[in-house]
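One structure below.
Rule-based calculations on the coordinates, nothing more; no lab input. Everything numeric in this text was worked out from a predicted model, so none of it was measured. Backbone-built Cβ (ideal geometry, glycine too); neighbour counts: all protein chains shown.
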Amino acid sequence: MDAALYPRKSIERLGVAPLTSMFQCGENDRRMGNDWRPEIHDSDGLSLWRGNGEWIWRPLVNPAGVRVNSYSDENPRGFGLLQRDRVFDHYQDDGAHYHRRPSLWVEPKFTSDNGWGKGAVQLVELPAPDETFDNIVAFWNPADKPQPGQELLFSYRLHWGGRMSFAPTLAHVVASRNGIGGVIGRKRSYFS
C-alpha cells in the first residue's frame, strides 16, 4: 500500500494503516462473560515491534468506557491485531469459528530518505454489548500534526494469516488472566 496525502486543513489525529477488530470477552476480561462460550473475539491482542527492536504485547479488553492507549515510537517495524489463541475448545463456537480468524500485521516500508518518523501506535477500545460491533481500532498517528498543503507519504505491506512471520525471538505470551487472587477459604488481604 502506498499513500500520498495532501491535507486541505490541519488534522488533529491522523490514522495511518487503520485496523479494526472485535473483542467481546476472553480469558483476561470476563466483564461481559454472560455467554455460554468461554471466549468471543476476532483478535486477542495488539502486538508492536518498535523501531528500537523492542516487542510489546497488549491483551485486548471490552471496557466499560472508551479506552485509548498510545505507544510512542520512531519508525516502527510493525504492529498488528493478532488472534494468537487457536484452540477450538477455548471458544467452543462451531458457527463463528473464532479460533480460525486471521491476524493482520502492518509492516512499514522505508526508503533511505523516508521513514514514518516519530509518532505513536494508538489503540482504541470501545464498549460493545455484543459481538456484532467492531470495537477495537489500532493505527499509526504521526507526532507532527499534518498541515494544509503538506505532502505525507506512507508505504506499508499488510500481512493476513493464522501465524505471522514477524514474532519475538525470546518469549511469547500464551495466556493472560486477571482477578482478585487470594486463597479460597481465607480472608483476602490487600496491600497498598
Dipole size in debye (nearest 20) for the stretch 2-161 around its Cα centre, Lys and Arg Cβ +1, Asp and Glu Cβ -1? 460
Phi-derived 3J(HN,Hα) across the stretch 53-68 with the Karplus relation (6.51, -1.76, 1.60, θ = phi - 60°), rounded Hz, x for Gly and Pro, is x, 6, 9, 10, 10, 10, x, 8, 9, 9, x, 6, x, 4, 10, 10
Give the calculated FRET efficiency between Ile184 and Val66 to the nearest 0.05, with a Förster radius of 25 Å applied to their Cβ-Cβ distance. 0.10
What is the count of Lys pairs in the chain whose alpha carbons sit under 28 Å apart, if the two are 8 or more places apart or on different chains? 6
Relative contact order for the chain: what is it in percent, counting Cα pairs under 8 Å that are at least 6 residues apart? 31
Using alpha-carbon pairs under 8 Å, 6+ residues apart, how would you state the relative contact order of the stretch 4-103 in percent? 27
Sorted by Cβ neighbour density within 10 Å, fewest at the top, the residues Trp55, Trp160: Trp160, Trp55
Work out, step by step, the length gained on full extension between His97 and Asn114: first 0.36 nm times the residue separation, then minus their alpha carbon distance; give nm to one decimal. 2.1 nm
Antiparallel content of DSSP bridges confined to the chain, in %, to 5: 100
For Gly26, enumerate residues with amide H under 5 Å from its amide H, sequence gap 5+ or separate chain, H modeled in the peptide plane. Ile40
Gain upon complete extension [His159, Phe88; 0.36 nm per residue less C-alpha separation]: 23.3 nm
List, in order, the whole-Hz ³J(HN,Hα) value for each residue of the stretch 114-122 obtained from phi through the Karplus relation with A = 6.51, B = -1.76, C = 1.60 and θ = phi - 60°; use x for Gly and Pro. 9, x, 7, x, 8, x, 7, 7, 10
Relative contact order (%) - criterion: Cα under 8 Å, at least six apart; region: the stretch 85-177: 34
Nearest-0.05 FRET efficiency for Glu54 and Lys145, computed from C-beta distance (R0 25 Å): 0.45
Between Pro129, Pro102, Gly117, whose Cα lies farthest towards the positive end of the dipole of the stretch 84-139 when Lys and Arg beta carbons carry +1 and Asp and Glu beta carbons carry -1, centred on the Cα centre? Gly117
